[in-house]
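Reading through the structure tokens given below for one structure.
Only the coordinates and a few stated rules stand behind these numbers; no lab work does. All figures in this text were calculated on a predicted structure; none of them were measured in a lab. Ideal geometry is used to build each Cβ from the backbone, glycine not excepted, and the neighbour counts take in all protein chains shown.
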Amino acid sequence: MDETAFTHILLDPASPAGKRTLYACGFGIGVYKSTDNGMSWQLKNDGIKEFDPFAWRIVRSDDGALYLIVARANEGRFGEMGGSGALYRSVDGAEHWEKIRLPEGVNGPTGLAIDPRDNRRIYLTAWGQEHEGVDVGGGVFLSTDGGQSWKPVFSQSQHVYDVTIDPKAPDSLYICGFDAAAFRSTDAGLHWSRIRATTLSGAIVF
């Protein structure tokens, strides 16, 4: 494997013990795949259009589909050409990738989570763009049709880093921001409340 900065590793839970399938995101290179517990790796970029893609996060749905987030490669100024982030899907174990259209006005995807009850229900977080003193294009977006269409469900912060779904209570969502703390929703993204921080033994806990 070429030397690079790896940002995420995913293990396929359906792969057999002793011959685990692993995926690794190489920042500036793309997606690597191993089918032998990480002993050997192959680059799997077929269909990825970006030059030197900033592969950032990879997520697997229960039906085996993979979703890849390619991070933005520019400073995020509104109207800046080139270097936009991207979202891809693979249904054949990363052998081929197809591009999914991002929500309107979004070019900085950061995180993705899939409802364990419904593989077509996807939450996407995004980092906004600088625009005349007010950032735009960030927050949390929801798709109920596998990424064909999106609607915004959270815009209180334009810098949302990631989203997590409680596997035991999938209507409970947690998001973390860079400059606006963390938020929780208990109704699948309809309403959000800020998680207040407390201090325990000198550490801040949200």
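So which chymotrypsin sites (Phe, Trp or Tyr not before Pro) in the stretch 13-96 are both in a DSSP loop and have at most 12 other Cβ atoms within 10 Å of their Cβ?
Of the chymotrypsin sites (Phe, Trp or Tyr not before Pro), the ones in loops of the stretch 13-96 whose Cβ has at most 12 other Cβ atoms within 10 Å are 51.
Can you compute 3J(HN,Hα) from phi for each residue in the stretch 113-122, using the Karplus curve 6.51 cos²θ - 1.76 cosθ + 1.60 with θ = phi - 60°, rounded to whole Hz and x for Gly and Pro?
9, 10, 4, x, 8, 8, 5, 8, 9, 10
To make sure I understand the rule: partners must be lysines, Cα under 24 Å from the Cα of residue 49, and not fewer than 8 residues away in the same chain. Which ones qualify?
Hits, sequence-local ones excluded: 33, 99.
Taking a cut-off of 17 Å between Cα atoms, list the aspartates and glutamates near residue 44, but don't count ones fewer than 8 places away on the same chain.
2, 3, 12, 36, 52, 92, 95, 98
Under 5 Å between amide hydrogens, which residues at least 5 positions from residue 57 or on another chain qualify, with H placed 1.01 Å from N in the peptide plane?
Amide H neighbours of residue 57, under 5 Å, 5+ apart: 69.
Starting from a Cα-only point model with no solvent, please compute log10 I(q)/I(0) by Debye for the stretch 98-160 at q = 0.12, 0.15, 0.21 1/Å.
-0.27, -0.42, -0.76
Starting at 0 and stepping by 10 Å, how many percent of the alpha carbon pairs of the chain end up in each bin?
Whole-percent P(r) values from 0 Å outward: 9, 33, 35, 19, 4, 0.
Relative contact order of the chain: what whole-number percent is it, with Cα pairs under 8 angstrom and at least 6 residues apart?
Contact order relative to length: 11 percent.
For residue 154, which sequence-distant residues (separation of 5 or more, or a different chain) have an amide H within less than 5 Å of its own amide H, given hydrogens modelled in the peptide plane?
Correct list: 140.
Evaluate the relative contact order of the stretch 74-153 (contact order divided by residue number), counting alpha-carbon pairs under 8 angstrom at least 6 apart; express in whole percent.
RCO, the stretch 74-153: 25 percent.
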